[in-house]
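**Q** Okay, here's the structure, questions in a sec.
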Amino acid sequence: MKSMTGYGFSESIGEQFQLAVELKSYNNRYLDINHTIPYMLAPFEMEIDKQIASVASRGHIEVNIRLRNQVADVQLSVDPVAVEKYTEAFARIAALANKALKPQLSDYLASEGVLNQEKTSDSERYRSILFATLDQAMVQFRQSKEREGESTKADLIRLGNVVKEGLAVVHSHADDLERMVKDTLRSRFEEMLGDKNYDENRILQEVAVMLVKYSVHEEIKRLGVHLKEYFTLLEKNEPVGKRLDFLCQEMNREINTIGSKSQMVELNLQVVKMKDGLENIREQIRNIE
């Protein structure tokens, strides 16, 4: 089991580059990857996403990559045509001004188009250091997700046992609930009819109807099946967050039905206990893949 929250960081310093990769993830219904990376690494975005998707199936993931070149990646070039044109222009200015004018080197350097700079844009030269650093950050990222996931799993097991214990108490009182319904209905008949003769079969029919309405045996059985599946999913080494969320909806339905049928204080207390445990479970599974 892995959490959707995780963190990983790695930094590589070489003779030519200094590169750092930071990964942070938060809860999200789907896998959503955002990038903050230098423009020269943009061609690798799809490959980066594929790597991250191998360790995260859900979550909002922020990828922050910083790159600094240790060696200047700027190339300078002189435009000879521009120098020639400026020389002619300086001479023309001197002639028109009827003054001696000897251009300095600084005059040429300050003139637009004489000295040009170009940044090298060969992204492939960053590939090796980028993915080596990303791999290291992803190891830390995956480990943090697994640590958090194991902690969440332990809590989910504890909370599942809370629901299981409550169900066991409800099951132990299920027959008592049916007897109470029978006794209550019979005493009402006797109270209304007194010593008058009454149809025993009619009483039995009414009892049968009331038992269908108030019996919780079916809900107990279904909730037990859901709990068994719940504990099975917790042991699977795969993303189970969505399946657990659906399972919690089904368990909540059965617990609510038991609560609506219950006529006993002890059962009502256990329903409250199970609902509280289930609500905490639903809060926790929002954090797992």
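**Q** From the backbone phi of region 35-44, what are the Karplus-calculated ³J(HN,Hα) couplings (6.51 cos²θ - 1.76 cosθ + 1.60, θ = phi - 60°) in whole Hz, Gly and Pro given as x?
**A** 10, 10, 9, x, 4, 6, 9, 4, x, 9
**Q** Note the listed values (1) 81, 20, 12; (2) 29, 24, 19; (3) 42, 20, 16, then indicate which one is semi-axes √(5λ) of the Cα gyration tensor in Å calculated from this particular structure.
**A** Looking at semi-axes √(5λ) of the Cα gyration tensor in Å for this model, the match is (1).
**Q** Once phi is turned into ³J(HN,Hα) by the Karplus curve 6.51 cos²θ - 1.76 cosθ + 1.60 with θ = phi - 60°, what whole-Hz value does each residue of region 158-166 show in order, with x for glycine and proline?
**A** Running phi through 6.51 cos²θ - 1.76 cosθ + 1.60 with θ = phi - 60° gives 4, 5, x, 5, 4, 5, 4, 5, x Hz.
**Q** Within 10 Å of each residue's Cβ, count the other Cβ atoms and sort 86, 26 from fewest upward.
**A** Arranged by neighbour count, lowest to highest, 86, 26 become 26, 86.
**Q** I'd like the FRET efficiency for residue 136 and residue 231, computed as 1/(1 + (r/R0)^6) with the beta carbon distance as r and R0 of 51 Å, rounded to 0.05.
**A** It comes out at approximately 0.90.
**Q** Roughly speaking, what is the stretch gain from residue 30 to residue 222, that is 0.36 nm per residue apart minus the C-alpha to C-alpha distance, in nm to one decimal?
**A** Result for the pair: 66.1 nm of gain on full extension.
**Q** I want to check the label-to-label distance for residue 215 and residue 253. Put each point 7 Å from Cα in the C-beta direction and report it in nm to one decimal.
**A** Taking the simple label geometry, residue 215 and residue 253 are separated by 2.1 nm.
**Q** Please order 269, 109, 19, 247 by the number of other Cβ within 10 Å, starting at the fewest.
**A** If I rank by nearby Cβ atoms, fewest first, I get 109, 269, 247, 19.
**Q** Please list 88-94, 214-220 highest first by mean number of surrounding beta-carbon atoms within 10 Å per residue.
**A** Highest-to-lowest ranking by the protection proxy: 214-220, 88-94.
**Q** Would you grab the residues whose amide H sits under 5 Å from the one on residue 4? Only those 5+ places off in sequence or on another chain, please, with H modelled 1.01 Å from N.
**A** 288, 289
**Q** Figure the gain on full extension for residue 161 and residue 102 (residue separation times 0.36 nm, minus the Cα-Cα span) and round it to one decimal in nm.
**A** Gain on stretching residue 161 to residue 102: 11.9 nm.
**Q** Subtracting the Cα-Cα distance from 0.36 nm times the residue separation, let me have the gained length for residue 77 to residue 95 in nm, one decimal.
**A** Contour length minus Cα-Cα distance gives 3.5 nm.
**Q** Continuing with this model, one more query. Checking a compactness column here: for region 75-119, what do you get for Rg(Cα) / (2.2 N^0.38 Å), N being the number of residues?
**A** Here the Cα radius of gyration is 1.29 times the empirical estimate.
Every read-out reported here was derived from the displayed coordinates using simple, explicitly stated rules and does not represent laboratory data. These figures come from a predicted structure and were not determined experimentally. Cβ coordinates were reconstructed from backbone atoms using ideal geometry, including for glycine residues, and neighbour counts include every protein chain displayed.
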